[in-house]
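To keep things clear, I will list the structure first and then write my remarks on it.
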Amino acid sequence: MINRFIAFTLLLALVSANLSRFFIYAEFELNQKFIAAKLCENRDKPEMHCNGKCYLMKKLKEAEEKEKKQEQAAQKKGIQDFCIVNNPLVITFQALKLKKQKPAHLPFKLPKISTEIFHPPSFKLS
C-alpha cells in the first residue's frame, strides 16, 4: 500500500513538472473573468480586447524562466558532480601473450558419412 502511494506521488510530481503550462492555461480559463476584471494590466483600455491575455502571457513567461533556471541549476550540479571525484580512476594495461595451441586429440573416431542414397526396404505383397 505504501509503495503504491510513493509511486503515485512520484508519478504526479514528474507529470506536474512537465505540465506546468497546462496548469497555467487551465487556471486562466477557469478564472478569466476575474483576471480580466482585477489582474489585467490593460483593464483600463477596453478597446484593446485583452481580456486578461496579458496576465496569461506574463505567467507563461515566468514559468518558462523558472524552468530555464531549474535546468541550468541541474546542469551545473551535474557538471560539478562529474568533475569532483574523490578517488581518481586509475587504469593500467598489461601485455597479454597468447600461446598457440594445437587442437585437442579426439579419443574416439567419428562415424564415416555414407554418400549412398537411402532406399527404404521393399515389401512383397503376397
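Gyration tensor over the Cα atoms of the stretch 20-83: the corresponding equivalent ellipsoid has semi-axes (square roots of 5 times the eigenvalues, largest first) of 35, 11, 6 Å. Using a Gaussian network for the chain with springs between C-alpha atoms less than 10 Å apart, which of these wobbles most: 24, 113, 91? Looking only at 24, 113, 91, the biggest GNM fluctuation is shown by 113. Considering only 94, 72, 32, give the residue with the highest GNM mean-square fluctuation for the chain, with springs between Cα atoms whenever their separation is below 10 Å. Highest fluctuation among the options: 94. A straight Cα-to-Cα reach below 19 Å connects residue 61 with the aspartates and glutamates 27, 29, 41, 71, residues fewer than 8 places away in its own chain not being considered.
Each reported figure results from applying straightforward, stated rules to the coordinates on display, with no laboratory input. Everything numeric in this text was worked out from a predicted model, so none of it was measured.
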